[in-house]
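Right, one structure below, let's go through it.
The values are calculated or read from the model by the stated rules, or taken from the named source; none is laboratory data. What you are looking at is a predicted structure, and each value in this text was computed from that prediction instead of being measured. Heads up, the Cβs are rebuilt from the backbone with ideal geometry, glycines too, and the neighbour counts pull from every protein chain shown.
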Amino acid sequence: MAVSRKALETLLRHGENDNVPWRDGPRPAQRRPSAKPAELDIDYRFLSVRLDTEAGILRAEMRHTERACYTPGLMRDMRAFQTLLRERYSGRSAEEMPFRWLVWTSQAPKVWSLGGDLTTFTRMIRAGDVAGLRAYAHLAIEILHDNLVSLDLPILTVALIRGDAIGGGFEAMLTDDVVIAEEGARFGLPEILFNLFPGMGGYSFLKRKVGPQLARTLLEDGITRSAGEAKALGLVDRVCAAGEAERALRDFLAENDPRFATLLTLKRVRDRVDPVTRRELIDVVDMWVELAMGLGEAELRRMDCLARVQERRRAAA
């Protein structure tokens, strides 16, 4: 006999079970270690970090004050933040962590991230700076792969998206375990419009989520999609009304905190069965660098136009 999920949840809430020791007494409280919030309240130049111990949330807010994209400065701050977390919490169990959820947000209005820094790209390509472009790309891979594997810590990552996630911003979103987006957000990979492809993991991450055929379509069609369309493709977990992202986040965590251990284990299963390795990402991004260095002036001028959009949509300093 088929039982709906709602009926099963009702049965589990109200049914008797002699194997659950706290039915006749108070349920034991989950132990969450004490932590001084100041230890993880950090203001980098381009990244603001705040710890909410009670909610188990470590919030990392990107400050897009130069351009609404992954500038070299923002990437250095993100890498420093990741390194700090690895050094401080490596080897800790989930019960020993002061947070369960690492939540990535953005300070820029109606923008999560517009991707790679096109101003930097065009400058390096025109100057023939292969080493500089490769260094930027390899740093991006280090950041994205570490986020994909949750820094090898017993935590899960969340992209809380109030605005557009385009290009490398879309790629970065794909490395998070949970994506919550407001209705007005848009998602897309426009690189094909200037004869490039999303080189910082786009195909690897999409293939893992939606399969190779749809992954290729998303890389090659250049179409911008709504939050609802992204959800229908399985790329967004929850869509909420404009201005309701924080409430949606709290609701999601309240619903899923009780099964956090299961979600964490399922993530580890996916990583074991269908891994995306750092070596794979580096090999692909090196192909991207080679292709980028061969772009002509017509393609670079198109990139210049999008670079001006990244500049206009930055957050106030």
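Within the range 68-104, can you find the residues that are touching a Lys or Arg at 6+ places or on another chain (Cβ under 7 Å) and surrounded by 19 or more Cβ atoms within 10 Å (Cβ to Cβ)?
Ala68, Asp77, Val103 - these are the residues of the range 68-104 that are touching a Lys or Arg at 6+ places or on another chain (Cβ under 7 Å) and surrounded by 19 or more Cβ atoms within 10 Å (Cβ to Cβ).
Could you list all residues from the range 84-110 that are more than 24 Å from Ile161 (Cα to Cα) and of a type in the set (S, T, N, Q)?
Ser90, Ser93
Just give me the residues in the range 53-68 being closer than 30 Å to Asp251 by Cβ and either in contact (Cβ under 8 Å) with a residue 24 or more places away in the chain or in contact with a Phe, Trp or Tyr (Cβ under 7 Å, 6 or more places away or on another chain) (or both), in sequence order. Give the derivation first.
Going through the range 53-68, the residues closer than 30 Å to Asp251 by Cβ turn out to be 53-64, 68.
The answer is Thr53, Ala55, Gly56, Ile57, Leu58, Arg59, Ala60, Glu61, Met62, Arg63, His64, Ala68.
Residues are listed down the side, and each one gets a yes or a no for (1) among the polar types (S, T, N, Q); (2) modelled with pLDDT of 95 or more; (3) surrounded by 24 or more Cβ atoms within 10 Å (Cβ to Cβ); (4) in contact with a Ser or Thr (Cβ under 6 Å, 6 or more places away or on another chain):
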{"site": "Gly168", "(1), (2), (3), (4)": "no, yes, yes, no"}
{"site": "Val178", "(1), (2), (3), (4)": "no, yes, no, no"}
{"site": "Ala185", "(1), (2), (3), (4)": "no, yes, yes, no"}
{"site": "Leu193", "(1), (2), (3), (4)": "no, no, no, no"}
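Exactly one condition in (1) in contact with a Leu (Cβ under 9 Å, 6 or more places away or on another chain); (2) aliphatic (A, V, I, L, M); (3) surrounded by 15 or more Cβ atoms within 10 Å (Cβ to Cβ) is not met by Leu291; state its number.
(3)
Residue pairs, Cβ under 9 Å, 6 or more apart or interchain, first in the range 214-234 and on the phi < 0 side of the Ramachandran plot and surrounded by 16 or more Cβ atoms within 10 Å (Cβ to Cβ), second in a helix (DSSP H, G or I) and among the polar types (S, T, N, Q). List them.
Within 9 Å, the pairs are Ala215/Ser204.
Mind listing whichever residues of the range 121-140 are in a helix (DSSP H, G or I) and among the charged types (D, E, K, R)?
The answer is Arg123, Arg126, Arg134.
Run Arg88 past the list (1) of a type outside the set (Gly, Ala, Ser); (2) more than 19 Å from the chain's Cα centre (by Cα); (3) closer than 27 Å to Leu306 by Cβ; (4) not in a loop (DSSP other than H, G, I, E, B) and report the number of the one that doesn't hold.
(3)
Just wondering, is there one or more residues in the range 24-33 that are modelled with pLDDT under 95 and within 20 Å of the chain's Cα centre (by Cα)? Break it down stepwise before answering.
Taking the range 24-33 and keeping what is modelled with pLDDT under 95, we get 24-33.
If we keep only those that are within 20 Å of the chain's Cα centre (by Cα) as well, we get none.
So far as the range 24-33 goes, no, none of its residues is modelled with pLDDT under 95 and within 20 Å of the chain's Cα centre (by Cα).
Could you tell me how many of the residues in the range 37-77 are at positive phi and of a type in the set (Ser, Thr, Tyr)?
0
May I ask you to say which residue of Lys231, Lys209 is in contact with a strand residue (DSSP E or B) (Cβ under 9 Å, 6 or more places away or on another chain), of a type in the set (D, E, K, R) and within 30 Å of Asn195 (Cα to Cα)?
Of Lys231, Lys209, the one residue that is in contact with a strand residue (DSSP E or B) (Cβ under 9 Å, 6 or more places away or on another chain), of a type in the set (D, E, K, R) and within 30 Å of Asn195 (Cα to Cα) is Lys231.
Cβ-Cβ under 6 Å, sequence separation 6+ or interchain: first residue in the range 90-113 and closer than 10 Å to Gly56 by Cα and touching a residue at least 12 places away in the same chain (Cβ under 8 Å), partner among the aromatic types (Phe, Trp, Tyr) and assigned to a helix (DSSP H, G or I). Which pairs?
If the second residue must be among the aromatic types (Phe, Trp, Tyr) and assigned to a helix (DSSP H, G or I), the pairs left are Arg100/Phe260.
Against the condition under 18 Å from Ala315 (Cβ atoms), at pLDDT 95 or above, part of a loop (DSSP other than H, G, I, E, B) and not hydroxyl-bearing (Ser, Thr, Tyr), how does Ala68 come out, does it pass?
It is true that Ala68 is under 18 Å from Ala315 (Cβ atoms), at pLDDT 95 or above, part of a loop (DSSP other than H, G, I, E, B) and not hydroxyl-bearing (Ser, Thr, Tyr).
Hey, can you tell me all the residues within the range 270-280 that are closer than 17 Å to Leu153 by Cβ and either hydroxyl-bearing (Ser, Thr, Tyr) or over 19 Å from the mean Cα position of the chain (by Cα) (or both)?
Arg272
Of (1) out of contact with any strand residue (DSSP E or B) (no Cβ under 7 Å at 6 or more places or on another chain); (2) among the hydrophobic types (A, V, I, L, M, F, W, C); (3) modelled with pLDDT of 95 or more, Ala317 satisfies all except one. Which?
Among (1) out of contact with any strand residue (DSSP E or B) (no Cβ under 7 Å at 6 or more places or on another chain); (2) among the hydrophobic types (A, V, I, L, M, F, W, C); (3) modelled with pLDDT of 95 or more, the lone unmet condition for Ala317 is (3).
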